[in-house]
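Structure first, then comments.
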């Protein structure tokens, strides 16, 4: 079986979508399937073509998703004939992939991570034009008659049905985590050192994630400015990438103008082992997202047995387990009050939930075979 992936971003780009397709494509290769990825060359230091972990990767010479919408078409058209089906994802990769799959008479799969609808109007860091463009691409993707659509959570599935997507075309497949790999990396972490740091650090909380407009970073910084001033023994660590540069510069400028700047540490480009060590050292992790279609960070934090403060929006209700606090509202006040509860150790508890990578891949392979045989 030969699978062509067309993705706006791919490893080493940081994000949940990229993590999903990196894990999925690697596992497919180990099972003997042929995999090729067409994606953006978001960093000019990356080779235009390479084989990584057995995956044939071709990077189109463009550094943003909107130019990829046009520039990807020749590459898709040239390569799709050698594959059994093509698999893409929202947003701007979807229309060209569907168009070429129709022209080449190939089966096509679209993974929908989340459907925001009217939420686009409320999100920060976007101007009016960007909100219109993204919401338009989202609606366009939901209207395109792909052979199959994958929703990565029950929340996303229900959102698509409400948006008018044909329910018979939707397959719900949770994103998967490699719990064995998480356990192996965890065992490399010096627990004694972690406990010592926790003991010497009265109250440290952490945010981990890409610079997405839905991640609630604006809420996090506003609430933290108030909370850290009232709690001088507390600290905040942000583990974020430096891309996209424009948004990164906005966030850094915001941090530099906060009263509590001395209590904030910003980190970048950590290895998985270093990242897990930072998460384990924290008192808890904060996920104040306006919406989440799944949220790998939440699932990984829960796998590491680290308490979670979350907005409880979207699929976070499905993914978050263990000790948690749900924000009463996705606002500065809502997060500030949740931080106060965490300080008082007013945690709620939910039985552990796991999302197996093996099961996720098995469901994708079953879907692929069903489509090809059909």
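Readers should treat all values here as calculations from the given coordinates under stated rules, not as data from a laboratory. The shown structure was predicted, so the numbers you read here are calculated from the model rather than taken from an experiment. Because the Cβ atoms are built from the backbone with ideal geometry, glycine has one as well, and the counts that use them run over all protein chains shown.
Table for the structure above
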read-out: Within the chain, helix-based [θ] at 222 nm, where runs of 4 or more DSSP H residues each add -39,500 (n - 2.57), nearest 500; value: -13000 deg cm²/dmol
read-out: Computed over segment 179-350: relative contact order in percent, which uses C-alpha pairs under 8 Å that are six or more apart; value: 24 percent
read-out: Calculated over segment 75-196: convex hull of Cα atoms, volume per residue (Å³); value: 190 Å³
read-out: Segment 53-81 and segment 1-49: distance between their alpha carbon centers, rounded to Å; value: 11 Å
read-out: DSSP beta bridge pairing in segment 179-350, given as percent antiparallel to the nearest 5; value: 15 percent
read-out: Net length gained if the chain between residue 345 and residue 370 were fully extended (0.36 nm per residue, minus Cα distance); value: 4.1 nm
read-out: Which of 280, 245, 254 has the fewest Cβ neighbours within 10 Å, and the rest in rising order; value: 245, 254, 280
read-out: Projected-area mean, segment 331-373, by convex hull of Cα positions, square nanometres; value: 5.7 nm²
read-out: Using distinct alpha-carbon pairs, which all enter the 1/r mean, Kirkwood radius of segment 179-350 in Å; value: 16.1 Å
read-out: For segment 292-336 and segment 222-251, distance of Cα centres in Å; value: 18 Å
read-out: Order of 265, 235, 92 under a 10 Å beta carbon neighbour criterion, fewest first; value: 265, 235, 92
read-out: For segment 36-106, alpha-carbon Rg over 2.2 N^0.38 Å; value: 1.06
read-out: Rounded FRET efficiency, nearest 0.05, which uses the C-beta distance separating residue 2 from residue 190 and R0 of 51 Å; value: 0.70
read-out: Considering only the chain, percent of DSSP beta bridges that pair antiparallel, nearest 5; value: 15 percent
read-out: Projected-area mean, the chain, by convex hull of Cα positions, square nanometres; value: 18.0 nm²
read-out: Two-site label geometry, residue 356 and residue 250: point separation in nm, points 7 Å out along Cα→Cβ; value: 4.2 nm
read-out: Size-normalised alpha-carbon gyration radius of segment 84-156, reference 2.2 N^0.38 Å; value: 1.18
read-out: Computed over the chain: relative contact order in percent, which uses C-alpha pairs under 8 Å that are six or more apart; value: 14 percent
read-out: Footprinting exposure proxy for 36, 327, 371 (fewest neighbouring C-beta atoms within 10 Å first); value: 371, 36, 327
